[in-house]
Each structure stands twice: as C-alpha cells, then as structure tokens.
1. Can you find a residue that is of a type outside the set (G, A, S), surrounded by 13 or more Cβ atoms within 10 Å (Cβ to Cβ) and in contact with a Leu (Cβ under 8 Å, 6 or more places away or on another chain) anywhere in the range 66-73?
2. Out of the residues in the range 86-137 meeting the condition of being of a type in the set (D, E) and over 30 Å from K60 (Cα atoms), tell me which one is surrounded by the fewest Cβ atoms within 10 Å (Cβ to Cβ).
3. Please return the ranges of helices (runs of 4 or more DSSP H) entirely within the range 38-154 where 3 or more residues are at pLDDT below 90 and either over 18 Å from the mean Cα position of the chain (by Cα) or among the aromatic types (F, W, Y) (or both).
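The values are calculated or read from the model by the stated rules, or taken from the named source; none is laboratory data. Keep in mind it's a predicted model, so treat the numbers as computed, not measured. Please note: Cβ atoms are built from the backbone with ideal geometry, for glycine as well, and neighbour counts cover all protein chains shown. Each accessible area value is taken on the protein alone, full model and side chains, heavy atoms only, with ligands, DNA and RNA left out. Shrake-Rupley method; radii C 1.70, N 1.55, O 1.52, S 1.80 Å.
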Amino acid sequence: MPSISATVRRVVPGRRSEGFRRDTREITLLALECLQQSADPCPPLKGAVSGLLFLVQYLKKLQTNGKQAQLIVDRVAQMTNTLADVIPDSTAIPTNLESALVALDKTLHDICKLARSVPKATRLRRFLRAKRHEEQLASIQQQLDSALSDFTWN
C-alpha cells in the first residue's frame, strides 16, 4: 500500500501553481467587488474597497502592458522570419519590392524599439506611466497594422 506522502502532493511555500494564484486572485477580486456593492451603509468601507479595486485594476494594466509589448515584438519577429523564408535570394528582388522591404524593415525596427522600451522602464516609471504606456502600445499596434497594409499595397 503506497504511503500517504507519496500520493499527496506537497505544496511548498513560494512554489504554488499559477492556477492556484490565479484562482486566489479571482476570488479576492470577486469578494472585493461584492463588498463594494454592499457597503453603501458604511461609506468609509466602500471608499477603502473602491480604492483597493482601483489599485488592483491599475496593477493589472501594468501586467497587460508588458504582455502586449511582448506580443508586438513576437509578431514583428514572426513577420520578419516569414519574409526571410519567402525571399531566400535577396539578389533576385525587384527594385520596387526592395525599396518597400527596406521601408518595412525600418518601420518594424522602430516599432520593436518602442515596444521593448515599455517593459524596460523601472517599476516606478511603469506604475506612474501605465496609462501612457497603454496608449503608446495601442499607437504602436496601429503603426504596425498600417505598415503591413502599406507594404501589402505596394
């Protein structure tokens, strides 16, 4: 008969699964939202809970900004690799396509540089500039879409 310790997975502090953390975070947010909705008779409690919820949503925005920046960088890398695979011989490229590729390359390089700058900022700067970074990433995404559209039509 196997021992209980062999069948029970031990949870080591600091090594909890990501699923457990995500579930705990979601339960905490749900509890705070419920408390906020039912705290009308106690305005100080409602104010404190509202402040906590704002802070949690703001911190979530920081995390989302970093992920979005990485997705943009990954998308640029994927496009660059695809173009490299499609055009194995760079000496046989027509002149108009070559100039379009050079323009696209410059644009993609600039986009990557901007996207990489967002998560490289210090934690304090990322916190203070989260809204600006969110707008900047949306603009970068639009630039990327526009560059691809321009390249497709050339």
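1. Scanning the range 66-73 turns up at least one residue that is of a type outside the set (G, A, S), surrounded by 13 or more Cβ atoms within 10 Å (Cβ to Cβ) and in contact with a Leu (Cβ under 8 Å, 6 or more places away or on another chain).
2. Only one residue tops the list, namely D89.
3. Here the list reads 43-86, 95-120, 130-153.
Yes/no per residue for (1) small (G, A, S); (2) open to solvent by less than 50 Å² (accessible area, probe 1.4 Å):
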{"site": "G19", "(1), (2)": "yes, yes"}
{"site": "L29", "(1), (2)": "no, yes"}
{"site": "L32", "(1), (2)": "no, yes"}
{"site": "L35", "(1), (2)": "no, no"}
{"site": "S38", "(1), (2)": "yes, no"}
{"site": "P44", "(1), (2)": "no, no"}
{"site": "G47", "(1), (2)": "yes, yes"}
{"site": "T64", "(1), (2)": "no, no"}
{"site": "A84", "(1), (2)": "yes, no"}
